[in-house]
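*Asks:* This structure is in structure tokens; I'll ask about it shortly.
The values are calculated or read from the model by the stated rules, or taken from the named source; none is laboratory data. Note that the structure is a prediction, hence the values are computed from the model and not measured. A quick note on method: Cβ atoms are made from the backbone with ideal geometry, for glycine too, and the neighbour counts reach across all protein chains shown.
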Amino acid sequence: MKAIISTLIFYLSIIVSINGQSDFTATVSNDSILLGNHFQVTFNLENQSGNEFHPPNFSDYEIVSGPNQSMSSSFMNGEMTQSLSYSYYLKPKDIGTYYIEPADIATDKGILETAPIEINVYPNPDNIKQEIPNKRDTFDPFKSFDNFDFFEFPSRKQEQPKKKRRVYKI
């Protein structure tokens with residue numbers, strides 16, 4: 001009986017935390033880009049389950065990759081958060097100012113839309129290649145570290161060597 005009650009409380013806490021804040025946003029890696037380069041646009045749904053995602057019309061862009069879908073869930077300190085993302089890598093076809101129109105997704109609370117995003121594409125006479133910033137490069141715990149100098153371990157501190165005492169017999 002105790003197990004049933006605790007399971008019900010657990011599921012109720014999940015339902016209450018999921019029905020909290022929900023948000024559907026669009027972000028880009030760069031809003032100004034040189035012609036011949038690509039950028040990433042990500043549509044992110046927070047704390048809602050969604051289906052029937054409708055991306056905007058990408059007729060002014062070449063789709064390099066996408067749609068790439070990712071999902072994440074976390075349960076921390078009694079609160080559950082969920083995230084659903086759709087990302088595209090786009091390459092503009094010509095110079096000018098373009099807009100990424102709103103995307104929409106159907107949720108339990110109705111249809112949510114993103115705000116439009118302005119993209120400026122500039123000429124690239126030197127054929128410069130821009131890199132897309134990677135959010136995961138900040139810290140990767142699975143990379144091997146060759147040098148641990150940024151950690152301060154007490155056993156590895158450089159201590160001054162002790163002076164040797166000389167004993168003289170008289």
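*Asks:* Exactly one of these conditions fails for residue 73: (1) free of Cβ contacts under 8 Å to residues at least 12 places away in the same chain; (2) in a loop (DSSP other than H, G, I, E, B). Give me its number.
*Replies:* Residue 73 satisfies all of (1) free of Cβ contacts under 8 Å to residues at least 12 places away in the same chain; (2) in a loop (DSSP other than H, G, I, E, B) except (2).
*Asks:* Which one of 159, 118, 131 is loosely packed, with under 10 Cβ neighbours inside 10 Å, modelled with pLDDT of 60 or more and under 19 Å from residue 38 (Cα atoms)? Walk me through it before giving the result.
*Replies:* Numbers: 159 fails: under 19 Å from residue 38 (Cα atoms); 118 fails: loosely packed, with under 10 Cβ neighbours inside 10 Å.
Step by step, each of 159, 118, 131 is checked, and only 131 is loosely packed, with under 10 Cβ neighbours inside 10 Å, modelled with pLDDT of 60 or more and under 19 Å from residue 38 (Cα atoms).
*Asks:* Yes or no: residue 90 at pLDDT 90 or above and either crowded, with 18+ Cβ neighbours inside 10 Å or among the charged types (D, E, K, R) (or both)? So that I can check it myself, show each step before the final result.
*Replies:* Working: at pLDDT 90 or above: yes; either crowded, with 18+ Cβ neighbours inside 10 Å or among the charged types (D, E, K, R) (or both): yes.
Yes, satisfied.
*Asks:* If you go through the stretch 76-106, how many residues are touching a Phe, Trp or Tyr at 6+ places or on another chain (Cβ under 9 Å), of a type in the set (Gly, Ala, Ser) and not in a strand (DSSP E or B)?
*Replies:* Number satisfying all stated conditions: 1.
*Asks:* Is there a residue in the stretch 72-79 that is surrounded by 15 or more Cβ atoms within 10 Å (Cβ to Cβ) and not β-branched (Val, Ile, Thr)?
*Replies:* Going through the stretch 72-79, the residues surrounded by 15 or more Cβ atoms within 10 Å (Cβ to Cβ) turn out to be none.
Taking every residue of the stretch 72-79 in turn, none turns out to be surrounded by 15 or more Cβ atoms within 10 Å (Cβ to Cβ) and not β-branched (Val, Ile, Thr).
*Asks:* State whether one or more residues within the stretch 93-109 are hydroxyl-bearing (Ser, Thr, Tyr), surrounded by 14 or more Cβ atoms within 10 Å (Cβ to Cβ) and in contact with a strand residue (DSSP E or B) (Cβ under 7 Å, 6 or more places away or on another chain).
*Replies:* The first filter runs over the stretch 93-109 and keeps only residues hydroxyl-bearing (Ser, Thr, Tyr), leaving 97-99, 107.
With surrounded by 14 or more Cβ atoms within 10 Å (Cβ to Cβ) added as a condition, the list becomes 98, 107.
From the residues that got through so far, the ones that are in contact with a strand residue (DSSP E or B) (Cβ under 7 Å, 6 or more places away or on another chain) too are 98, 107.
Taking every residue of the stretch 93-109 in turn, at least one turns out to be hydroxyl-bearing (Ser, Thr, Tyr), surrounded by 14 or more Cβ atoms within 10 Å (Cβ to Cβ) and in contact with a strand residue (DSSP E or B) (Cβ under 7 Å, 6 or more places away or on another chain).
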